[in-house]
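The values are calculated or read from the model by the stated rules, or taken from the named source; none is laboratory data. All of these numbers come straight from a predicted model, not from anything done at the bench. Cβ placement follows ideal geometry from the backbone for every residue including glycine, while neighbour counts extend to all protein chains displayed.
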């Protein structure tokens, strides 16, 4: 998989191979996080996009009947929608979605008449005219407005909403003059998105997105699992709901993936035991590691718990995408090594596509070293992000010159070393 970016947020240009593990390094404020956010926005906005739009259209059609007090009896008394009714609604949606009709007005009119003639129908306001031609025409017109809304426009608006939310209304490069474009290329096929003035102007879709993406940038997110997700960002909501859902919902949900992941957990159990040794429980809406509430755990342990919960619940599946934004921030150097090896093993055993941003030489060297140790180094790519004098960022592959990254990131340590040498020289001269 390859992601090409032009004029998105801080990034002027980047061509990034995103297979196996992709490590993006650079100083603060060089747009490293933009890549992960762009990936998240692309996958979340277009994941099963046709199914989601069909579902929304069907819901709108059902509401046309409900707001006029027309119910199928199962829904009124048991809060269940009649299966035949649902079938008819989705049949209408599918025909209109795929343009499988000769006369749209006739298609809708026949659909409405069939619903109105249903013997199970209940009219709440006891309207005696509900079977009249004029009443049927009113309902048909409302439904026509819904199903004739251009699907392409719906997709572009959905994509725009995701990107505007994730990039805080600043999708286009900060000068807002240039057109922003993203190309997601998988096996020779391309999904291309173009933005103009923070609005999706074009979406060319050749790839059906089916894999999930998980974005982790803050271990303290698990403190919020006990709360509702109102007021959080899209990225936070996704992770909170995923972690919460799989510990409280349907016992069969993701069960096969969960069982398969236990085999992977067994392979990396020692690493987890060194950091997170204990049982995760949910009691009365609160989450515990053994008897200690999540809120009272150290930030480092929380980083490992998130990964462990995603694995144990089966949420992290084969070939999913995982974005880790500066995961080393809350980790002691020793635990940076543990975390790096965990990530390498997850890629090896689950075939995950992992994107990491970092400015830690410890973590970078750990990923590099463990990928060689576990023989997946050919699946790792290294990139360096740099800003020019105009603060425009380019991201370049440095696989052939990884020492460039170490040199750049070691400059602060070099300054400290020079300060210590200078301090030592001064103390010597005073003697």
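Testing residue 324 on (1) outside any helix (DSSP H, G or I); (2) under 18 Å from residue 25 (Cβ atoms); (3) at pLDDT below 95, one condition comes back false. Which one is that?
Going through the list (1) outside any helix (DSSP H, G or I); (2) under 18 Å from residue 25 (Cβ atoms); (3) at pLDDT below 95, residue 324 breaks only (3).
Considering only residues that are assigned to a strand (DSSP E or B) and closer than 18 Å to residue 207 by Cβ, which ones fall in the stretch 149-191? Let's see the steps before the verdict.
Initial filter on the stretch 149-191 (assigned to a strand (DSSP E or B)): 172, 180-186, 189-191.
Of everything in the stretch 149-191, those that are assigned to a strand (DSSP E or B) and closer than 18 Å to residue 207 by Cβ turn out to be 181, 182, 183, 184, 185, 186, 189, 190, 191.
Having 2 or more residues that are modelled with pLDDT of 90 or more and surrounded by 16 or more Cβ atoms within 10 Å (Cβ to Cβ) is the bar; report the strands (runs of 3 or more DSSP E) wholly within the stretch 192-285 that clear it.
Details: elements: 199-204, 213-216, 280-283.
Hits in the stretch 192-285: 199-204, 213-216.
Got a number for residues in the stretch 365-413 being under 24 Å from the mean Cα position of the chain (by Cα) and crowded, with 20+ Cβ neighbours inside 10 Å?
Here the count works out to 8.
Residue-wise test of (1) at pLDDT 95 or above; (2) out of contact with any strand residue (DSSP E or B) (no Cβ under 6 Å at 6 or more places or on another chain); (3) under 20 Å from residue 321 (Cβ atoms); (4) not in a loop (DSSP other than H, G, I, E, B).
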residue: 15; (1), (2), (3), (4): yes, no, yes, yes
residue: 53; (1), (2), (3), (4): yes, yes, no, yes
residue: 56; (1), (2), (3), (4): yes, yes, no, yes
residue: 65; (1), (2), (3), (4): no, yes, no, yes
residue: 76; (1), (2), (3), (4): no, no, no, yes
residue: 101; (1), (2), (3), (4): no, yes, no, no
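Could you tell me which of the residues 295, 341 is under 20 Å from residue 377 (Cα atoms) and in a helix (DSSP H, G or I)?
Values: 295 fails: under 20 Å from residue 377 (Cα atoms).
Matching residue, one of 295, 341: 341.
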